Amino acid sequence: MNGGGTTQIGCLCGAVALELRGEPVLQFYCHCDDCQAVSGGAYVAVAIFPADAVTMLRGETSAWTYKSLPRQRCAICGSAVLAEVTALGQIGIGAQRLPAGMFKPQFHIHCRYARNPVVDGLPHYASLPPLFGGSEERVDW
């Protein structure tokens with residue numbers, strides 16, 4: 001995808017396909033306990049798109065919510081497809097679904113829950129950063 005173009009992504013089995021228009025508005029790593037629980041990992045890589053930039057092209061998804069974030073997964077293979085950030089009118093796409101080179105993380109969030117701290121040159125917010133209504137409080141590893 002270049003500039004304002006489109007990218008098609010899908011689930012692991014190919015039954016679900018999404019079209020993403022434009023570039024992500026935010027890209028980050030989330031270390032919250034919710035993401036840890038649903039992914040089975042120490043953190044997840046997320047690319048945020050405006051909700052109107054994401055179109056379902058084909059397939060059926062199964063909706064579910066663990067704590068508070070509505071998510072959708074492929075009804076056939078069960079792979080995670082998207083998460084809805086409804087309060088902000090945005091859709092979170094797991095970076096593992098994006099083409100190689102598209103994910104360019106800007107920061108880490110919810111680092112107070114980190115199980116496997118990542119040492120890199122990015123800001124590490126203890127909770128949510130100011131642009132999500134949080135604070136500048138950071139962790140230093």
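The values are calculated or read from the model by the stated rules, or taken from the named source; none is laboratory data. Predicted model only: the values in this text are computed from it and were never measured. Cβ sites come from the backbone with ideal geometry, for glycine too, and all protein chains shown count toward neighbours.
Observations, loosely collected:
- Taking the criterion of being buried (at least 18 other Cβ atoms within 10 Å of the Cβ) and free of Cβ contacts under 8 Å to residues at least 24 places away in the same chain, no residue of the stretch 37-51 qualifies.
- Scan of the stretch 109-127 for residues that are touching a residue at least 60 places away in the same chain (Cβ under 8 Å) and hydroxyl-bearing (Ser, Thr, Tyr), ordered by number: 113
- For the stretch 57-74, the set of residues classified as surrounded by 18 or more Cβ atoms within 10 Å (Cβ to Cβ), among the polar types (S, T, N, Q) and closer than 16 Å to residue 34 by Cβ consists of 72 only.
- Considering each residue of the stretch 87-98 in turn, at least one proves to be farther than 15 Å from residue 17 by Cα and assigned to a loop (DSSP other than H, G, I, E, B).
- The residues listed here are 83, 17; of these, the one that is closer than 21 Å to residue 102 by Cα, among the small types (Gly, Ala, Ser) and surrounded by 18 or more Cβ atoms within 10 Å (Cβ to Cβ) is 83.
- Any chance residue 102 is surrounded by fewer than 19 Cβ atoms within 10 Å (Cβ to Cβ), in a strand (DSSP E or B) and at pLDDT 95 or above: no
- Members of the stretch 26-55 that are part of a strand (DSSP E or B) and closer than 12 Å to residue 91 by Cα: 26, 27, 46, 47, 48, 49, 50, 54, 55
- Applying the condition of being charged (D, E, K, R) and part of a strand (DSSP E or B) to the stretch 56-79 and asking which residue is farthest from the chain's Cα centre (by Cα) yields 58.
- Residues of the stretch 107-126 satisfying the condition of being crowded, with 17+ Cβ neighbours inside 10 Å and assigned to a loop (DSSP other than H, G, I, E, B): 110, 114, 126
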